[in-house]
Every structure is written in structure tokens, then in C-alpha cells.
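Beneath this line is the structure, given in C-alpha cells, with notes to follow.
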Amino acid sequence: MKRAIFQRFIIMISLALILSGSIFGATISDILLKRAEESMLYTVRIVDHSLDYEGNLKEQVDSLKQVKGNEETRFTVIRLDGSVVADSEVENNSSMDNHSFREEVQEVIDKGIGYSTRKSNTLDKKLLYVAAMSGNGDYIVRIAVPFSGLEQYMGILIPAILISIGIALLLTAILASHFSASVTRPLNEIAEELLKLKDKNPEFHFKHYKYNEMNVIADTVQEMGKAVKASMDRIEFERMVRQEFFSNVSHELKTPLTSVRGYLELLENGMVTDARMQKDFLSRMKKETINMTSLIEDILMISRLETKEAEVTMSEVRLAPLVEEVCNSLEPLAKEYQVSIERNCRPVSIYANTQQLRELFNNLIINAIKYNKPQGKVKVIVSADAQDIIIVVEDTGVGIPKEAQQRVFERFYRVDKGRSKKVGGTGLGLSIVKHIVNYYSGSIELESKLSEGTKFTVRLPKKQIQREEAGVL
Ligand code: ADP
């Protein structure tokens, strides 16, 4: 860039020099010609005054030529009909052709004075001719001097021109380098600041620059830098979350797989001969397999919610029948845990995906049953206010300690690992619930008291407009 600015400066200054030089040259040539003409006209007048037209004109013009300084001047006296009477350069005037068509002669006849610059046929030189009517009106007096305009000053002009071009180019080079530095330095500094993006906590410090455009660039770059950093941080965070998730999943799968393998090896080696034991092993293996299947189903569910799967079929879902269906399907489990389910549903409906809502109720109610006490109760209440559908799932179970209440929505977080495993929990149930709630831009609250019970309150906005923008966990 520096180079390009520099080159352009030089090209511009060269063009400017050529242009101004040409205009200047033309003007000076013009002035020189005018001044020469004026002074020659004055000489013509003097010569006319001093000539004795009755005497020998040839002798007189020859003697004028003898005057010092006139060596190169040509004096001619012409009659009005164009015939030459006397010429200081030609001995025999009768040999000269008629001058009536010479430019300066014609002009004299027209206006009394005439000028011309041309090559003389007689002397084969470029001459400046100045002619005027004689005082008595019978003759034309003409003088001519070699005239080459500016050319004759070239000896002085060329060194002066070269020196001024040199100075101009030098100044231009200095200016160009200053200017290009003042443009490229800020850009380099901005680029250097941007390298800080690699730092963990970059602090950008942009200077205030002379050119406002640079400040605009600096501000924009700073904003972009921050945005890039934020998105890099987010990507890094997501990467870490994902990594943790995968390591958790592997860990969660490894334990049941190891135990299934152990049982299989024992059976394979014929170490277990007792038929009852064999059956027990098989049913343990079945239980582990079922757990793994539900773990994988939960993972798939989370992944679908996270990627905000495009093909989520939405429809108007009536909640009372859905709750009824879920509770009925969980009745055997409730019986197993000696827990009773109560439901109180207003006839409300919401525009949503049935499967997701079923999952939400299922996970909350299953937890309320599993983390309950024998003879315990589960209450499912669905109501609505002006903005939201309100879902409450309450139990009289073991409760969740205060310090764990924030964390139960994390993936694989379990308050009591042993109990969760025993009841076949994957540690993903509440995380899925939270994902679904976020999917509908809702909220979930938890109130719990140890040994007394837990209450989850979910609010889902009735108006589901900006769903695609709702963030998920
Ligand atoms: P899990 O599959 O282990 O049940 P969840 O994500 O559904 O996983 O729940 C996370 C943890 O929160 C559970 O392990 C349990 O300790 C606790 N928890 C969830 N619901 C309840 C509840 N209703 N009562 C008591 N503890 C609960």
C-alpha cells in the first residue's frame, strides 16, 4: 500500500509538472515574442526616421548593419508594390522576388504594422520580421532578426528545470512517505491490536487517529473483535460442554456395559450352574440393557432439542387428556412405589409438540413417583393465567437439599447417585425438561424441603411466536 501511494504521488506530481511546464513555456514564449516585436518595432521607427529616401538606400542599410550589435539584423526597404529597394543581406536587389505576398508586408498594407516569424527563403534561417509603413507613406521598412523563441534560453532553462523537478520530486517523496505512513501506520496498529484476539481476555486499545475514517475503522474492528471473541468463547464453551457430555455418556455407558460383560463371561465360562442364579443374571443384564436404552433415548431427545430439529410437528394440544394418558401409563410404576397420583387439570390447550409435552410430564411425574416415600402423593395441576399455561407437579417425597436445587437441571447431576441408579434414572430427565421449557420460552421453578417434598412449577407462554429464537440449555 505504501508503495502504491508513493507511486501515485510521483505520477501525479510528474503530470502536474509536465502540464504546468507546458503552460508556463507557452506563456513565456508568447511574452518573449511580444517583447521582441515591440523593441524591433521601435527600431523600425528609428530606422525609418534616419533613412534618407532620396539617397542611396542600399548604402544606408549596409551602414546600419555596421553598427555594433546589428551584425545579425537584416534591414530591408520595400516599395508598396512589393519590389525590394534595398536589403542589407543581398547585393543585387533586382534579383529578389516580389515581397508583396510576405505575411508582414500584407499586414503593413492592411494595418500599417506587420509581424511574422518564419524561415527566410533568402537566408535559410528562422527569423522574426517586423515591418512598418515609412513616415512618408511610400515605403515599407522591415527589419529581421534570428529568432528561436525559448530555444535560445534552453541553456539556462534546462538546469533550472532539472533542479526544480528534482526539488519537487524530493519534496513529493517526503510528503508521500509521510502521508502513506499516516495511512498505513494506523492500519498496522489496528491489525496488531486484533492479534490480541488470541489472548484469553483481550483488552483492545485503539489510539485516536487524525483521520476520522481510521477511527471509524478502529471502532468497527473493535466491535467486531469483541463479537468474534464472544463467539469464540461461546464455541469454546460449547466444545467443553460437549466434551464433558461425551465423557459423561461414555462413563454412564461403561458401567452397565462392564457389568453386562461380567455376567456374560461368568455365564460363558460355565461358572454359574445354578438355574436360579442364571435367571437372576439374565434379568440383571436385561435391567442394565433397559437402562442403557433409556439413556440413549434421553441423549437422542436432548440432541433433537439442542439442534432445534426442523420437523417438529406443532398442533393445538389439549393438556387434560395428555396428563390423563401420562398418569394412566405411569399407574403401574406408582403402584410399585406405593404412591398415589392426583390430577387437577383445567381444560386448557397450547400450540406445541405433543411428544415434547408428553416427555415433560413424564419426566416430572416419574421423578415425583420415584423420589417419593411409600404412601406418598403426587399432585399434577394444570391451570392458566392471562399469559401462561401453568403446570405444577408436586410430591411428598424425599425433597432436594438446598445446595443441589440449582444443579438438578444439569446433565447427569444426581443428588443421590445410588438411589437414582436404583430407580433407573439416567440423570438427564430434568435436563430434558429444562430444554423443552426453554424451547417454548417458558420458565421452571423448584421449591423443595428435605423429607417433605418437592414442587416443580412450569410456565409456558400461551403465545408461541418467537420459538425459533428461544435459547436452549
Ligand atoms: P434422574 O434420572 O437421576 O432422575 P433427573 O435429571 O430427572 O435425573 O433428576 C436429577 C436429580 O434430581 C435426581 O437424581 C434426583 O436426585 C433429583 N430429583 C429429581 N426430581 C426429584 C423429586 N421430585 N424429588 C426429589 N429429588 C428429585
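Quick one, could you list the DSSP H helices from the chain stretching 18 Å or more along their long axis (Cα atoms) with average Kyte-Doolittle hydropathy of 0.5 or above?
2-50, 154-194
Please work out the Cα convex hull volume for the stretch 249-357 and give it in Å³ per residue. Kindly include the intermediate steps, with their values, before the conclusion.
Numbers: hull volume 15.5 nm³, N = 109.
Hull volume normalised by residue count: 142 Å³.
Counting pairwise Cα distances across the stretch 347-390, what percent come out greater than 12 angstrom?
Looking at the stretch 347-390, the distances longer than 12 Å represent 69 percent of pairs.
Let me spell out the model: positive unit charges on the Cβ of Lys and Arg, negative unit charges on the Cβ of Asp and Glu, origin at the Cα centre of the chain. What dipole size does that give, in debye rounded to 20? Please list the in-between numbers first.
Numbers: 62 positive and 64 negative charges, 747 e Å.
Its charge dipole is roughly 3580 debye.
For the stretch 62-218, what does the equivalent ellipsoid look like in terms of its semi-axes, each the square root of 5 times an eigenvalue of the Cα gyration tensor, given largest first in whole Å?
Numbers: eigenvalues 1115, 57, 26 Å².
The equivalent ellipsoid of the stretch 62-218 has semi-axes of 75, 17, 11 Å.
Note down the magnitude of the dipole of the stretch 248-307 about its Cα centre, charges +1 on Lys and Arg C-beta and -1 on Asp and Glu C-beta and zero elsewhere, to the nearest 20 debye.
160
Can you pick out the pairs among Lys226/Lys462; Lys200/Lys421; Lys279/Lys370 whose Cα atoms lie more than 30 Å from each other?
In this structure, Lys226/Lys462; Lys200/Lys421 exceed 30 Å between Cα atoms.
Report the one residue of Gly376, Ser100, Met285 whose Cα lies farthest in the direction of the positive end of the charge dipole of the chain (charges on C-beta: Lys and Arg +1, Asp and Glu -1; origin at the Cα centre).
With unit charges placed on the Cβ atoms, the residue in question is Gly376.
Lys2: which aspartates and glutamates have alpha carbons under 19 Å from its alpha carbon, excluding same-chain residues fewer than 8 sequence positions away?
Within the straight-line limit of under 19 Å, Lys2 reaches these aspartates and glutamates: Glu189, Glu192, Glu213.
In Å and whole numbers, how far do the C-alpha atoms of the stretch 315-470 stretch along each principal axis, longest first?
For the stretch 315-470, the Cα spread along each principal axis is 41, 29, 23 Å.
Given a Förster distance of 45 Å, report the FRET efficiency between Glu306 and Arg343 from their Cβ-Cβ distance, rounded to the nearest 0.05. Present the calculation step by step, with values, prior to reporting the outcome.
On the way: r = 31 Å, r/R0 = 0.68.
Computed FRET efficiency for Glu306 and Arg343 comes out at 0.90.
Averaging over all projection directions, find the projected area of the Cα convex hull of the stretch 42-87 and quote it in nm² with one decimal place. Please list the in-between numbers first.
Values: hull surface 13.4 nm².
One quarter of the hull surface, i.e. the mean projection, equals 3.4 nm².
Which translational diffusion coefficient, to the nearest whole µm²/s, is obtained for the stretch 248-307 from the Stokes-Einstein equation, given a Kirkwood hydrodynamic radius over C-alpha pairs, 10 °C and 1.306 mPa s?
124
Report the semi-axes of the equivalent ellipsoid for the stretch 195-285 in whole Å, largest first, where each axis is √(5λ) for an eigenvalue λ of the Cα gyration tensor.
64, 9, 6
Place the peptides 436-448, 51-63 in order of packing, highest mean first, counting for every residue the other Cβ atoms within 10 Å and averaging per peptide. Don't jump to the answer; show the numbers that get you there.
Details: 436-448: 18.5, 51-63: 14.7.
Going from most to least packed, we get 436-448, 51-63.
Only helical DSSP H runs with n ≥ 4 go in: add -39500 (n - 2.57) per run for the chain, normalise by residue count and round the 222 nm mean residue ellipticity to 500 deg cm²/dmol.
Here the helix-only value at 222 nm equals -18500 deg cm²/dmol.
Carbon and sulfur: what percent of the chain's accessible surface (1.4 Å probe)? The partial results should precede the final answer.
Numbers: 16160 of 28410 Å².
That fraction is 57 percent.
When the Kirkwood hydrodynamic radius is evaluated over all pairs of different C-alpha atoms of the stretch 311-360, what value in angstrom, to one decimal, is obtained?
With all distinct Cα pairs of the stretch 311-360 included, I get 11.9 Å.
So what does log10 I(q)/I(0) come out to for the stretch 163-224 at q = 0.17 Å⁻¹, using the Debye formula with one equal point on every Cα and no solvent?
Debye curve over Cα of the stretch 163-224, log10 I(q)/I(0) at q = 0.17 Å⁻¹: -0.64.
Please report, in whole Å, how far the alpha carbons of the chain spread along each principal axis, starting with the longest.
164, 58, 37
Greater than 25 Å separation of Cα atoms is the criterion. Which listed pairs, Lys286/Lys449; Lys308/Lys463; Lys422/Lys455, meet it?
Lys286/Lys449
I'd like to know which of Val61, Leu15, His205 lies farthest towards the positive end of the charge dipole of the chain, counting +1 on Cβ of Lys and Arg and -1 on Cβ of Asp and Glu.
After comparing all options, I get His205.
Work out the length of the dipole vector of the stretch 315-470 about its Cα centre, built from +1 on the beta-carbon of each Lys and Arg and -1 on the beta-carbon of each Asp and Glu, and round it to the nearest 20 debye.
Result for the stretch 315-470 is approximately 420 debye, rounded to the nearest 20.
The values are calculated or read from the model by the stated rules, or taken from the named source; none is laboratory data. Remember, predicted model here, so these are calculated numbers, not experimental data. FYI the Cβ positions are ideal-geometry reconstructions off the backbone, even for glycines, and counts take in every protein chain you see. In case anyone asks, the SASA skips ligands and DNA or RNA and just uses the protein heavy atoms, side chains included. Shrake-Rupley method; radii C 1.70, N 1.55, O 1.52, S 1.80 Å.
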